[in-house]
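Take a look at the structure below.
The values are calculated or read from the model by the stated rules, or taken from the named source; none is laboratory data. All values reported here derive from a predicted model rather than from experimental measurement. Every residue, glycine among them, receives a Cβ derived from its backbone with ideal geometry; neighbour counts consider all protein chains shown.
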Amino acid sequence: MSFANPLALLWLAALIPVVVFYILKIRLRRVPISTMLFWRQIYDEHQPRSIWQRMRHWLSLLAQIVLILLLVGALTDPFFAWETRQLRRIVLVVDNSASMNATDVSPSRLSAAKDEALRVIREMRFRDELAVVTGGGSPRVVCGFSSHGRTLSHAVEDVVSTDNPTRVTEAVELGRRLLGERQDEHRREIVVLTDGSSGGSPETAAESKTGEPPVLRWHHFGTNAGNVGITRFQVRRSLIDPLGYEILAEVTNASDDPVECRLEIDLNDEVVDVVPLKLTPGQHWSQSFEKTSAEGGQLTAKLDRADVLAMDNLAWAVLPKREMMPVTLVSEGNLFLQKVFESNPLVTLTRIDPPGRTPAPNEATSGITVLHRHVPEVLPSGAVLVIDPRGSCDAWQLGEPVQNPIVHQQDKDSLLLGHVRLDNVVMPEARQVKFASDEGIKVLARSLAGDPLLAIIERPRQKVLLLTVNLDEGDLPLRTAFPILMMNALNWFTENRGELRESLPTGSITEIDVAAMRPVGQPGKADLRLVAPDGRRSVLPMQSERLSLGPFDQCGIWRVVEDSDTTLLELACNLADRNESDVRVPKTDEATTASVVSASLLGNRPLWFWLIAIAWLLMAIEWWAYQRRVIT
């Protein structure tokens, strides 16, 4: 046996005054009395009759000596050699991913894992150290190495359930790094509490700095329960129909049995579609839906089948609202051009006959100006669409007509030419143009002679789309490519804001543009907050115009709001993970699921604790003996 604090043995000197006080005889005071009759009678009744009665005081002395020895022994903090040889440092990895919310283990897999974690903490030996790491989403150290059981228990109890994907592999690697930072005689162990087997095996564990790999132990929770979940749910606006939108949904049957269920899709609590499903074991069903809506809102997909994991039976998506686009058409009259804008339900058309008033060069406009043939000397600011120009301006010089141009080059990657082909269009006439500057010029379509037929000009406070083709001759207005080209032009001018707002998977991080969220002209001085689906709020740091949000640990609709609680942005977050929806627990090797070594004979208490306990017991016995007149 060794002592951690041998200087405490000096307290043995306290035995000297205790022995001295018991050896010294008490000198009685003489008092004269009238008679000895009563005192003699008492003496005769209580005179010593045995050795036990003569040893009463010595037993009291012995009890005091043993009590001091116990207290001094506790102060020296004694320990056995085998205690140092069997010290352990344990990393407890608790998987709090979405699949741990499955209820095939009552009340949930995570609750069962936390109970097992508390059992491991209770069975720690004295001087053992333990750290708690979570493996749902980005690995996080909940509590560093500590021997204090209450602190570790509180850390485990504070582990909350999330909808994040499983990241047990990364959590195990984090545990290995934590163990590798300490170089001592402790045995290293990693205890993983999860419902899966990802993360490696003991044989593949990386060696620590001491040259010995940590022992990796697995505790699996769950059964082979089947589950059906929505593993994909996305929505986007149609590139052709101004009011249309497309939904992509996927449902996975992660079970060993066939399943019949029903998928219901709602838009703002109104049913959009209902699809009956018959899924074979392991089937991934997917389908796209085409719908129309100008208002937009929140889309919700629901499965009417109850199973062990409820979160993947719901999915959300955000459909952006279509904004009205004011268009000013300056034209002498072209029926095809006028009808292509009037047929768009999002366009508010205003027609002006030249030489009517066109926006001034520096006049700020929120709409789109369409100039057909009539071109002022200085193009107005903002969004300008010029078709078949018949004059020069500050952006170009007009040249000679081009007869029967043939499209030779077309930028297929440009969004303006999406779903548009011009190489098979009959164009009897176009116009030669020579740009005043090459800065901000991008030609999207050229003729065989190299003349630009479709080009964009981007200058400060100005975006210009130039089409040099004569619409009165040729068949371009009769082709489906013409209304698609005009729709692409409108989307390009409005920068397609809100065209696609992707639903994010849990655990992901996204970046937002703060300036694009606020309405035009509104100052951006108010603080922004991120509101979770359960109402949790967090302040966003306004250090730049672009912010990173996440990781999103909960399914539902997340909102970015101002101080006035005005919603600036909505983001949908779904589980969208086939691995998490498949809650079936894989078969594991029994060797990797061995239990942690139980506590020693001393439990998880140091030796001094038991010495103090014996001292308290001895004091209680002495008090009882004194009260019972066993010791006087």
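Residue-wise test of (1) modelled with pLDDT of 70 or more; (2) touching a strand residue (DSSP E or B) at 6+ places or on another chain (Cβ under 6 Å); (3) surrounded by 14 or more Cβ atoms within 10 Å (Cβ to Cβ).
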site: Gly521; (1), (2), (3): no, no, no
site: Trp558; (1), (2), (3): yes, yes, yes
site: Leu568; (1), (2), (3): yes, yes, yes
site: Pro586; (1), (2), (3): yes, no, no
If you go through the stretch 324-341 one residue at a time, do you hit one that is within 26 Å of Gly556 (Cα to Cα) and either in a loop (DSSP other than H, G, I, E, B) or of a type in the set (S, T, N, Q) (or both)?
no
Going through the stretch 399-443 one residue at a time, which ones are in contact with a Gly (Cβ under 7 Å, 6 or more places away or on another chain), more than 28 Å from Leu239 (Cα to Cα) and not in a strand (DSSP E or B)?
Pro428
Where in the stretch 1-66 are the helices (runs of 4 or more DSSP H), entirely inside, with at least 2 residues that are more than 26 Å from Met619 (Cβ to Cβ) and at pLDDT below 70?
37-45
With the condition kept exactly as written, say whether any residue in the stretch 359-380 is under 50 Å from the mean Cα position of the chain (by Cα), aliphatic (A, V, I, L, M) and modelled with pLDDT under 85.
yes
Identify, by number, the condition in (1) in the same structural domain as Leu398 (by TED's automatic domain parsing); (2) on the phi < 0 side of the Ramachandran plot that Gly474 doesn't meet.
(2)
If a residue has to be surrounded by fewer than 19 Cβ atoms within 10 Å (Cβ to Cβ) and of a type in the set (S, T, N, Q) to count, how many in the stretch 210-244 make the cut?
4
Given Leu485, Leu466, Leu500, which one is part of a loop (DSSP other than H, G, I, E, B) and among the hydrophobic types (A, V, I, L, M, F, W, C)?
Leu500
Taking the stated definitions as given, is Thr506 among the polar types (S, T, N, Q), crowded, with 19+ Cβ neighbours inside 10 Å, touching a Pro at 6+ places or on another chain (Cβ under 9 Å) and more than 30 Å from Ser99 (Cβ to Cβ)?
no
Of the residues in the stretch 379-415, how many are among the hydroxyl-bearing types (Ser, Thr, Tyr) and surrounded by fewer than 19 Cβ atoms within 10 Å (Cβ to Cβ)?
2
Give the stretch 419-453 a look and list any residue that's surrounded by 16 or more Cβ atoms within 10 Å (Cβ to Cβ) and of a type outside the set (A, V, I, L, M, F, W, C), or say none.
Glu429, Arg431, Gln432, Arg446, Ser447, Asp451, Pro452
Looking at (1) aliphatic (A, V, I, L, M); (2) in contact with a Cys (Cβ under 6 Å, 6 or more places away or on another chain); (3) modelled with pLDDT under 95, can you tell me which one Leu277 breaks?
(3)
Report yes if some residue within the stretch 160-169 is basic (Lys, Arg), surrounded by fewer than 22 Cβ atoms within 10 Å (Cβ to Cβ) and either modelled with pLDDT under 95 or farther than 30 Å from Ala306 by Cβ (or both); otherwise report no.
no
Cβ pairs under 6 Å, 6+ apart or interchain, first in the stretch 547-564 and of a type in the set (D, E, K, R), second not in a strand (DSSP E or B), ordered by first then second residue, are Asp553/Gly137; Asp553/Thr162; Asp553/Asn164; Glu562/Ala526; Asp563/Ala526; Asp563/Asp527
Output the qualifying pairs, or none if there are none: Cβ atoms under 9 angstrom, residues six or more apart or on different chains, first residue in the stretch 298-314 and assigned by TED's automatic domain parsing to the domain that holds Thr252 and crowded, with 22+ Cβ neighbours inside 10 Å, second residue among the acidic types (Asp, Glu) and part of a strand (DSSP E or B).
Leu299/Asp266; Ala301/Glu264; Ala301/Asp266
Given (1) surrounded by fewer than 19 Cβ atoms within 10 Å (Cβ to Cβ); (2) touching a Ser or Thr at 6+ places or on another chain (Cβ under 8 Å); (3) over 24 Å from Cys555 (Cα atoms), His284 misses just (3)
Going by what's in this entry, would Val384 be described as under 25 Å from Val443 (Cβ atoms) and at pLDDT 90 or above?
yes
